Structures are given as structure tokens and as C-alpha cells.
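Student: Below you'll find the structure I mean.
The values are calculated or read from the model by the stated rules, or taken from the named source; none is laboratory data. Source: prediction; values computed, not measured. Cβ atoms come from the backbone with ideal geometry, glycine included; neighbour counts cover every protein chain shown.
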Amino acid sequence: MANRKYKSATQRKTHRSTKAGLKEMLRKPLTILLFIIAYLTCVAQRNDSALIDTLVKNIASAQVTTDDEFYIGMFPSFRQCGGAPHNYQPDNNIFFTAIAAFALRNMVPHLDESNRQIVQQIMKNATASYPHYKNQFGDPFYNFWPAQATILPHSYYFKYLKSVFAQGEDADDSVMILMTDNNDDSANRILKQRLVEVSNLSGRQIISTYKKYRNIPAYSTYLGKRMTPDFDFAVHCNIMYFMLDKKLPFTTQDSATMHVITSMVAERAYMKAPVYVSPYYVKSSILIYHLTRLMGTFHIPELEKYKPQIAADIDRLLATSNNIMDQIILRTSLIRLGEKAPQLDLHNIAEFEKSNQQQYIFFQARAAFSYSTPFKQVLLHWSYITYYFYCPAYNKILWLEYLVEKNKKG
């Protein structure tokens, strides 16, 4: 009996020793694996840091330094007609300079001191060009092209038709400029008041959207009081970003605009009908980029439940998109949703320059925006009245933004 107890105790001791040994053996590979992961993460972060340094300097060098085709402080952009003759020409719109300054503004807190100083100087330079686009009466409303200049510069015909196709101030340019300029609170309030005054049902009713949205008093794309209201999903996201960024009091129009955004997200209109709901941004990837930028910055309860849906749609687009810019902004969008983005196989500016980013269209102008269906459905897809806009520096800013977001979240 005593002998059996002795053997049992010995067996228990041996068993414990064996178990401890196994744990130690398992612990070592795990430790090694964690070490490898930590090492590779550090290497990736160092590589990203070097890329960020290079990109910031490259972007700064692209900024205009003398008034000529573009004003000092602008980022050159170009325009091409969708139909023949394509007529690829410089286009001195303020849009790309304003959205570039806005993207950089949001990166500033997450850059090191050296890059922060460069980016702040870029933003300061950009604001010097804003007065050329301001409302002629001094109101904080801004045009796409210089206030006193022709529309569609270098075009064959349209540049002579400014009196027919009068340029009007628009919400997109105005909110982007006010979020990057050194304006005061009174300018923000004045712009909000104008947005309310030209919103749907405030004087005119929209005809260019689905019937279920025509009686909703949401904000319009344009600021002209005589213009028929128009909705654009991405522009709505930008307007709501402005309202929340400036902490302006919510009105009926704010609630209505958020309702339209949420309803379109619920129905996945950004995937099913991106051209119809956003005639200026057009692509599902770009609409998602605007949506997740809003959601990633502000907690919006009515949109929170759609995060899994949006993330799944991003995964679908990542699997099918061939353009490097889509691959970049979709990864940025995933990160903003709190998801892990797949690694991007892009290592230097030379690779980027040779990629198909040169063909990327972030913004488009389609003359059919204000028409009702079925005319809008037909004309939106007629290339002869569609203009594509390009900005090489902004593409690099979107890449820089992805690198900053990736490392900020990490």
C-alpha cells in the first residue's frame, strides 16, 4: 500500500514536470513569434516614417510659388473632356487646393515636429489663393473657379458661355475653405444661414433625386438662391463634417441631411447607384471615403450599426478594384472604421508615379446633375458633357493620409 502511494506521488511529480516542460516548449515558439512580429512592425513603421518624410517634402515642392496659370499656394490640377476632343488642359479651380489643405489639417497632430512645420506652411500658402474665389460681395461663399474668370478655362466653347452657364458658389468649396482658413465664428454662421436659405423646400423643390427624398429639407450642393436644389451624397457628408467640426447648432436641415445620408447608407445606394446619388464623385470607393471620414471623426449613433456592412462592401471593392488610388482610400476607410487594413505593396514615390494613379478621377462635373429622371439617368452617362479633373499632388496627399492613419491607429 505504501509502495503504491509512493509510485502515485512519483507519477504525479513526473506528470507535473512533463506538463511544465511542455508549457515551456510551447512558450518559446510563441515568444519567438511575438518577437518576430514586433521586429517586423518596427521595420514597417521605420519604412512608413521615411515615406512620410519624403512625401511631405515632395508635396510641398508641388505647390505653386508664382502667379501664372495658377495662383501662389495652389496645387496644379487639370481637366479633360470625357468625349472627343478630350482637350486635356490646366484648370485653375480652388477645389483640389482646398481639399488638400483639409486633408493635411487633419494630419498635423499626428506628424513629427519637422513635418508638422512643413505641412503648416503648405496650409498657410494655400490660404493665400482663397480670396480669388470669394463671393464678390465679401460673403464667406466660394466659387469653383476664380470669381471674375471664365468657366472651364481652355475649353473650346464653354469658356465663352459664362453668362449662359453662370458660375455659382457651392457648398463643397465653401465648407472646405472655412475649415482650413483662419476665419472667425461669424463666417461659419453666415455660411450656415445661406445653406439653410437654399436648402430643399426653402424656396424651390428638388427634382433630381428619388421621390422619397423630394420632401425632405436637406442641404443643397449650390448656394445660389435662384438655383434648383441638388443633392450629392459626398457633399452632404462634407457639409455635416463642417457643422460638427464648427460645433454649429443643429437645425431641421441638419437632421434632414443626416436622415438622407443614413437612408442611403441603409439601402447601400453608395454601392447600387453611386453616379445617381453623387454626380460629382461618382465612384463607390470615393463615396465610402467621404462617409468613413465623417464617421471616423464624429460619433454618429444612427450610422454606427452600419459599420459591418460598410466594411464588407470595402472588402468587396478591394477584391475587384484595379486602381492603386482606390486601393489606398479603401484601406484608409477601413482603418477609420476601426478595422485592420491589408498591407499595401507600395514602397516609394517612383513606383507610385509609374502606377495607374495618373488615370485616377477623384472629382467629375456632369451637366445633368439637376435634371429629373429619366433625363438625369441618361445624361449622367453621356461622356460628351462630362469633365474629369485630376490633381497629381492630391493623389500623393491621399497616400500620405493612409500612411498617417495607419500609424496613428497602430
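Student: So in region 178-211, with the set limited to residues that are acidic (Asp, Glu) and part of a helix (DSSP H, G or I), which one is nearest to LYS225 (Cα to Cα)?
Tutor: Let us first name the residues in region 178-211 that are acidic (Asp, Glu), namely 181, 184-185, 197.
Then keep just the ones that are part of a helix (DSSP H, G or I); that gives 185, 197.
On the way: ASP185: 23, GLU197: 7 Å.
That would be GLU197.
To keep it simple, each residue is scored yes or no on (1) surrounded by 16 or more Cβ atoms within 10 Å (Cβ to Cβ); (2) farther than 23 Å from TYR402 by Cβ; (3) touching an Asp or Glu at 6+ places or on another chain (Cβ under 8 Å).
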position: SER220; (1), (2), (3): yes, yes, yes
position: CYS237; (1), (2), (3): yes, no, no
position: ALA256; (1), (2), (3): yes, yes, no
position: GLU267; (1), (2), (3): no, yes, no
position: HIS290; (1), (2), (3): yes, no, no
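Student: Here's a follow-up. I'd like to know if region 132-154 contains one or more residues that are among the small types (Gly, Ala, Ser), out of contact with any strand residue (DSSP E or B) (no Cβ under 8 Å at 6 or more places or on another chain) and at pLDDT 90 or above. Break it down into steps so the answer makes sense when it comes.
Tutor: We begin by selecting, within region 132-154, every residue among the small types (Gly, Ala, Ser); these are 138, 147, 149.
Next, from what is left, pick out any that are out of contact with any strand residue (DSSP E or B) (no Cβ under 8 Å at 6 or more places or on another chain): 138, 149.
Next, from what is left, pick out any that are at pLDDT 90 or above: 138.
Looking through region 132-154, at least one residue is among the small types (Gly, Ala, Ser), out of contact with any strand residue (DSSP E or B) (no Cβ under 8 Å at 6 or more places or on another chain) and at pLDDT 90 or above.
Student: Looking at region 301-321, I want the residues that are in contact (Cβ under 8 Å) with a residue 12 or more places away in the chain and have a partner that is not in a helix (DSSP H, G or I) with Cβ atoms under 6 Å, at least 6 apart or on another chain. Which pairs are those?
Tutor: Filtered contacts from region 301-321: LYS307/LEU337; ALA311/LEU337; ALA311/GLU339.
Student: Please pick out the residue among VAL275, VAL282, VAL260, VAL265 that is within 19 Å of LEU195 (Cα to Cα) and of a type in the set (A, V, I, L, M).
Tutor: Working: VAL275 fails: within 19 Å of LEU195 (Cα to Cα); VAL282 fails: within 19 Å of LEU195 (Cα to Cα); VAL265 fails: within 19 Å of LEU195 (Cα to Cα).
Just one listed residue meets the conditions, VAL260.
Student: Across region 333-356, what is the number of residues that are assigned to a helix (DSSP H, G or I) and not acidic (Asp, Glu)? Write out each step before concluding.
Tutor: Taking region 333-356 first, the residues assigned to a helix (DSSP H, G or I) are 333-336, 349-354, 356.
Checking which are not acidic (Asp, Glu) leaves us with 333-336, 349-350, 352, 354, 356.
Total satisfying the criteria: 9.
Student: For region 296-306, does any single residue satisfy the condition of being of a type in the set (S, T, N, Q), surrounded by fewer than 23 Cβ atoms within 10 Å (Cβ to Cβ), within 23 Å of LEU330 (Cβ to Cβ) and in contact with a helix residue (DSSP H, G or I) (Cβ under 8 Å, 6 or more places away or on another chain)? Quick ask: steps written out before the conclusion?
Tutor: Residues of region 296-306 of a type in the set (S, T, N, Q): 297.
When the remaining residues are screened for being surrounded by fewer than 23 Cβ atoms within 10 Å (Cβ to Cβ), the result is 297.
Subsequent filtering for residues that are within 23 Å of LEU330 (Cβ to Cβ) retains 297.
Adding the requirement that they be in contact with a helix residue (DSSP H, G or I) (Cβ under 8 Å, 6 or more places away or on another chain) leaves 297.
Taking every residue of region 296-306 in turn, at least one turns out to be of a type in the set (S, T, N, Q), surrounded by fewer than 23 Cβ atoms within 10 Å (Cβ to Cβ), within 23 Å of LEU330 (Cβ to Cβ) and in contact with a helix residue (DSSP H, G or I) (Cβ under 8 Å, 6 or more places away or on another chain).
Student: Hey, another quick one. I'd like to know if region 367-390 contains one or more residues that are closer than 20 Å to TYR289 by Cβ, of a type outside the set (Phe, Trp, Tyr) and at pLDDT 75 or above.
Tutor: no
Student: Across region 85-134, which residue is surrounded by the fewest Cβ atoms within 10 Å (Cβ to Cβ) among those that are out of contact with any Asp or Glu (no Cβ under 6 Å at 6 or more places or on another chain), among the polar types (S, T, N, Q) and closer than 15 Å to MET176 by Cβ?
Tutor: ASN106
Student: So, of the residues in region 327-350 that are charged (D, E, K, R) and over 13 Å from the mean Cα position of the chain (by Cα), which turns out to be surrounded by the fewest Cβ atoms within 10 Å (Cβ to Cβ)? Working first, answer last.
Tutor: Quick first cut of region 327-350, residues charged (D, E, K, R) only: 331, 336, 339-340, 345.
Now narrow it down to the ones that are over 13 Å from the mean Cα position of the chain (by Cα): 339-340, 345.
Numbers: GLU339: 17, LYS340: 11, ASP345: 8.
Of everything passing the filter in region 327-350, ASP345 is surrounded by the fewest Cβ atoms within 10 Å (Cβ to Cβ).
Student: Next question, about the same structure. State which residue is nearest to ILE385 (Cα to Cα) when the search covers only region 280-326 and only residues that are part of a helix (DSSP H, G or I) and polar (S, T, N, Q).
Tutor: Applying the filter and picking the extreme gives SER284.
Student: Let me ask something else about it. For region 81-91, what are the residues that are at pLDDT 95 or above and either of a type in the set (Asp, Glu) or within 22 Å of ALA234 (Cα to Cα) (or both)?
Tutor: ASP91
Student: Right, next: List pairs: first in region 205-216 and crowded, with 16+ Cβ neighbours inside 10 Å, second among the hydrophobic types (A, V, I, L, M, F, W, C) and outside any loop (DSSP other than H, G, I, E, B), Cβ under 7 Å, 6+ apart or cross-chain?
Tutor: As it stands, the answer is SER208/PHE369; TYR213/VAL260; ILE216/ALA256; ILE216/VAL260, since those pairs meet every condition given.
Student: Would you mind finding the one in MET271, MET264, MET243 that is farther than 20 Å from PRO229 by Cβ and of a type in the set (A, V, I, L, M, F, W, C)? I'd like the intermediate steps shown before the answer.
Tutor: Details: MET264 fails: farther than 20 Å from PRO229 by Cβ; MET243 fails: farther than 20 Å from PRO229 by Cβ.
Of MET271, MET264, MET243, the one residue that is farther than 20 Å from PRO229 by Cβ and of a type in the set (A, V, I, L, M, F, W, C) is MET271.
Student: Looking at ARG214, ARG189, ARG268, which is the one that is of a type outside the set (Val, Ile, Thr), within 23 Å of ILE361 (Cα to Cα) and at pLDDT 95 or above?
Tutor: So the residue among ARG214, ARG189, ARG268 that is of a type outside the set (Val, Ile, Thr), within 23 Å of ILE361 (Cα to Cα) and at pLDDT 95 or above is ARG268.
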